[in-house]
Amino acid sequence: MKNGFNSSFVEIQTLEGEKFLRDLKPGDLVLTRDKTFDRIISIEQRLAHSTEEVYNLYYHTDKEGVVDRISGEHVMANGIRVKNLRVSDRINHISGKTAIIDRIEKMDTINRFFYSIKLEKGSSYCVNNIFVKSI
């Protein structure tokens, strides 16, 4: 498994509002792409591989935003792996609007760990206002 986030400080939309990934636990409910909530089964942590690619994705709708420190292997809710995204590609925003990629920045892997969320129904969940797939 080579997906997830290289930071425990990404913000996940939960039933109680936004929470850092590090503050989530199994049983918490997170917002899914179909505007319902799905239960977290597990939050997995693993050591980063030295060759693992990590990106920041900068986007805009009517506002600017970023999905930070995401694995290149992670799949967005539109089915595209992060490493295959290009500037001007469209991704799914929490508002229902289409977000457009403005810039893709490859990062150095500074954190030794990656964190991934597995959901009960295996649906997508909202990270920094963008929907990504559960592992």
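All of the numbers you see were taken from the coordinates with simple rules; none came from a lab. Quantities reported herein were computed from a predicted structural model and do not represent experimental measurements.
Of note:
- Whole-angstrom gap from segment 59-85 to segment 1-49, using each part's C-alpha centre: 15
- Whichever aspartates and glutamates have a C-alpha closer than 20 Å to that of K121, once near sequence neighbours (fewer than 8 apart) are set aside: E16, D28, D34, D38, E44
- Equivalent ellipsoid dimensions for the chain as semi-axes, Å, which come from the Cα gyration tensor, largest first: 20, 19, 12
- Among the listed pairs K35/K118; K25/K83; K25/K106; K63/K106, those beyond 26 Å (Cα-Cα): K25/K83; K25/K106
- Segment 97-109 - phi-based ³J(HN,Hα) in whole Hz, Karplus 6.51/-1.76/1.60, Gly and Pro as x: 6, 7, 9, 10, 5, 9, 7, 10, 10, 7, 10, 7, 7
- Whole-Hz couplings from phi, Karplus 6.51/-1.76/1.60, listed for segment 19-31; x for Gly and Pro: 9, 5, 3, 5, 9, 7, 8, x, x, 5, 9, 10, 6
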